[in-house]
Amino acid sequence: MRARHYIILFAIALSLFGCGGKAARPTEEVAHPAFSGDSAYSYVARQLDFGARVPGTEAHDSCVLWLTTQLERFGAQVSVEEGYMSDFAGEKQRVRNIVARFGSDSLPKRILLCAHFDSRPWCDEDEEAAWYQPVPAANDGASGVAVLLEVARQISLMTNDKRPTIGVDIVLFDCEDMGTPRFLGEMDRQDTWCLGSQLWARDASLRGRYEWGILLDMVGAPGATFFREYYSEQMASPYVQKVWKAASELGYGHIFRNEQAGAIIDDHYYVGQALGIPIIDIIHLDEHTGTFPRWWHTQQDDIQQIDRATLQAVGEVVMSQL
Ligand SMILES: [Zn+2]
């Protein structure tokens, strides 16, 4: 994903739920939704075992197969939706989005949960020697996917009477991180990013299908902080409030900071624009700089940057919305 106008950040908006940026301690016993950060961690590690999941590589092929198999095992109806998009160089890029559906299509409401599973082919924020190395993409890709796999596993463990009363569609986007490499010094066109979600959201039959949606991106780092991202607020302000409030009630107000942040071009932007649904992005921004963390698009985005506790917090917050 790509950051746009990083400004403003941290305009104070602390009044909504009391303690805002401080760790909110639940005053009474709060029931935590079932979710295993350990299991999510193992799903990050498994994705990294394939190697970088760069489109067109064997690691990417193997990962697509593994993800579809896992989601089928968890009882979802799974399809791989394939097509082609032009990349930054004007080359045809094969795109495979993975769609897993839980709950009958006749349910009156559905939620969209999404993340991207591809790895960026270039460490273009790293030292020059690493520019043509792929990003291991533990956070920037695998973490969001891992949380959603664990959500799927948790749904599979529920007895019928405990299952979500809304339909849940998990969509794993391909080719999110194919945007123009910075070292080429060319104009970075924003539509060179998020190719998978741009392709997927062209499907007119999806309009009206979702009540709302959540995108997860870079949700596994130790000490991660999530702010109220600009486009999320523009497209889905009531849902941002609902999710951040749920996080605060679960005791995760120190991670989900009730403060505004800048605008990020990410899959939620294209999905929200094309389908007209409210959709929010839970994405890590550094609490001091307001920009992406130092390991972003470098070789350091590896398993060392993954913390079970962060995955646990994000997973519980997502589960609380089902
Ligand atoms: Zn990225």
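Coordinate-derived values only; no laboratory data. None of these values were measured; they are calculated from a predicted model. Positions of Cβ are backbone-derived with ideal geometry, glycine not excepted, and every protein chain shown enters the neighbour counts.
Provide the packing ranking of 289-297, 158-166, 218-226, i.e. peptides ordered by the mean count of other C-beta atoms within 10 Å per residue, highest first.
Listed from highest to lowest mean packing, they are 218-226, 289-297, 158-166.
Neighbour counts of other C-beta atoms within 10 Å: give me TYR239, TYR270 arranged from fewest to most.
Sorted ascending by nearby Cβ count, the order is TYR239, TYR270.
Select from VAL314, ILE283, LEU250 the residue farthest towards the positive end of the dipole of the stretch 2-319; place +1 on Cβ of Lys and Arg, -1 on Cβ of Asp and Glu, and compute about the Cα centre.
My answer, from the dipole projection, is LEU250.
Pairs on different chains or at least eight residues apart, Cα atoms closer than 21 Å: how many lysine pairs in the chain fit?
So the count of such lysine pairs works out to 4.
If you bin the C-alpha pair distances of the chain every 20 Å from 0, what whole percents do you get?
For the chain, the pair-distance distribution reads 35, 60, 5.
For the pair ASP61/ASP49, report the inter-label distance in nm, with labels modelled 7 Å from Cα in the Cβ direction.
It is 2.0 nm.
Quick one: length gained pulling SER86 to GLU128 fully straight, 0.36 nm per residue minus the C-alpha distance?
Gain on stretching SER86 to GLU128: 12.5 nm.
Which of GLY208, GLY56, GLY185 moves most in a GNM of the chain, Cα contacts under 10 Å?
Evaluated over the chain, the most mobile residue of the options is GLY185.
Over the stretch 139-180, what number does the Rg to Rh ratio reach, with both radii from the alpha-carbon atoms and Rh per Kirkwood?
We get a ratio of 1.12 for the stretch 139-180.
Can you compute the modelled spin-label distance between ASP105 and GLU72, with each label point 7 Å from Cα toward Cβ, in nm?
Once both label points are built, they end up 2.0 nm from each other.
Starting from the Cα-Cα distance between ARG207 and ALA31, subtract it from 0.36 nm times their residue separation and give me the gain in nm to one decimal.
This chain segment gains 59.9 nm when fully extended.
Please order TYR231, TYR269, TYR132 by the number of other Cβ within 10 Å, starting at the fewest.
Exposure proxy ranking, most exposed first: TYR132, TYR231, TYR269.
Sort 69-77, 95-103 for me by packing, meaning the mean count of neighbouring Cβ atoms within 10 Å per residue, highest on top.
Listed from highest to lowest mean packing, they are 95-103, 69-77.
How large is the helix-only mean residue ellipticity at 222 nm for the chain, computed as the sum of -39500 (n - 2.57) over DSSP H runs with n ≥ 4, divided by its residue count, in deg cm²/dmol to the nearest 500?
-9000 deg cm²/dmol
Would you work out the charge dipole size for the stretch 2-319 about its Cα centre, treating the Cβ of every Lys and Arg as +1 and the Cβ of every Asp and Glu as -1, and quote it to the nearest 20 debye?
Dipole of the stretch 2-319, to the nearest 20 debye: 1040 debye.
Running Debye on the stretch 154-253 with equal point scatterers at the Cα sites and no solvent, what base-10 log of I(q)/I(0) appears at q = 0.11, 0.17, 0.18, 0.24 Å⁻¹?
Evaluating at q = 0.11, 0.17, 0.18, 0.24 Å⁻¹ gives log10 I(q)/I(0) of -0.52, -1.17, -1.26, -1.40.
What is the fewest-to-most order of SER320, SER42 by other Cβ atoms lying within 10 Å of their Cβ?
Ordered by Cβ neighbours within 10 Å, fewest first: SER42, SER320.
Taking only the alpha-carbon atoms of the stretch 107-154, what semi-axes of the equivalent ellipsoid follow from 5 times the gyration tensor eigenvalues under a square root, in whole Å, largest first?
32, 11, 6
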